[in-house]
Amino acid sequence: MILWIVLGAVACWFLYPLLAWIYLVFAMIMVFVVLRKLVCTNCYYYDKWCCVGWGKLSALFFKKGDIEKFSTSPGIKIAPLVYGSLTLIPLILWVISMFKGFSLLKLSVLVLLVLIGFYSGTVSRKKSCAKCRMRLICPYSLSCSEMHINRNNLLKEEIKKEAKP
């Protein structure tokens with residue numbers, strides 16, 4: 001995660017160093033503070049070792065939340081936006097910086113940033129989700145998207161049955 005953020009900051013630096021510092025502060029606060037408070041405090045892994053260690057980190061700074069609120073917490077809703085912005089913002093700024101001039105360093109940073117962003121969003125996430133105890137209630141779990149569809153269909157049918165007089 002830190003490498004991903006640092007590469008993003010370097011990509012921003014190519015255009016304007018102040019933007020790199022703003023990105024770095026934004027990313028660190030969102031990933032290591034806001035999401036840990038909004039997501040991890042309501043997770044089974046609070047004060048435990050999850051695949052990333054967020055549960056232990058969140059327990060250092062925040063009180064335990066309610067596991068029942070995990071799937072509906074605001075953090076679950078904003079997490080994809082935060083993680084997507086870790087790649088998208090630097091990519092946009094990188095493209096603009098390329099109009100100012102090409103360099104192999106810029107190209108190297110782009111390749112690494114895209115590879116890490118892709119790996120984190122697909123391969124790593126799929127492996128993590130497969131092992132996670134929250135996968136059945138997490139709306140973004142990659143390990144059981146079919147189960148989410150089936151569960152949602154069953155819930156809809158139960159609601160329809162209860163609604164009939």
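Side notes on the structure shown:
- The length gained by stretching the chain between A130 and K77 to full extension, at 0.36 nm per residue less their Cα-Cα distance, is 17.0 nm.
- Ranked for footprinting exposure by Cβ neighbours inside 10 Å, fewest first, W4, W49 give W49, W4.
- Extension gain from F62 to D47, taking 0.36 nm per residue of separation minus the Cα-Cα distance: 4.4 nm
- Order of T41, T122 - criterion: other Cβ atoms within 10 Å of each residue's Cβ, fewest first: T122, T41
- Hypothetical label at S108: residues of segment 1-40 whose amide nitrogen lies under 18 Å (7 Å Cα-Cβ projection): 3-15
- 0 to 90° range, to nearest 10: angle between helix 74-100 axis and the chain longest Cα axis: 20
- Extension gain from L115 to V34, taking 0.36 nm per residue of separation minus the Cα-Cα distance: 26.6 nm
- Cβ crowding within 10 Å ranks R133, R125 as R133, R125, fewest other Cβ atoms first.
- A P(r) calculated from all alpha carbon pairs of the chain, with 10 Å bins opening at zero, reads 10, 32, 29, 19, 8, 2, 0, 0 percent.
- Folded to 0 to 90 degrees: helix 145-163 orientation relative to the chain principal axis, Cα: 40
- When shorter helices are ignored and each DSSP H run of at least 4 residues is given -39500 (n - 2.57), the per-residue value for the chain at 222 nm works out to -22000 deg cm²/dmol.
We did not get these values from a lab; they are worked out from the coordinates using the rules stated. What you are looking at is a predicted structure, and each value in this text was computed from that prediction instead of being measured. Methodologically, a virtual Cβ is constructed for each residue, glycine included, from the backbone with ideal geometry; neighbour enumeration extends over all protein chains shown.
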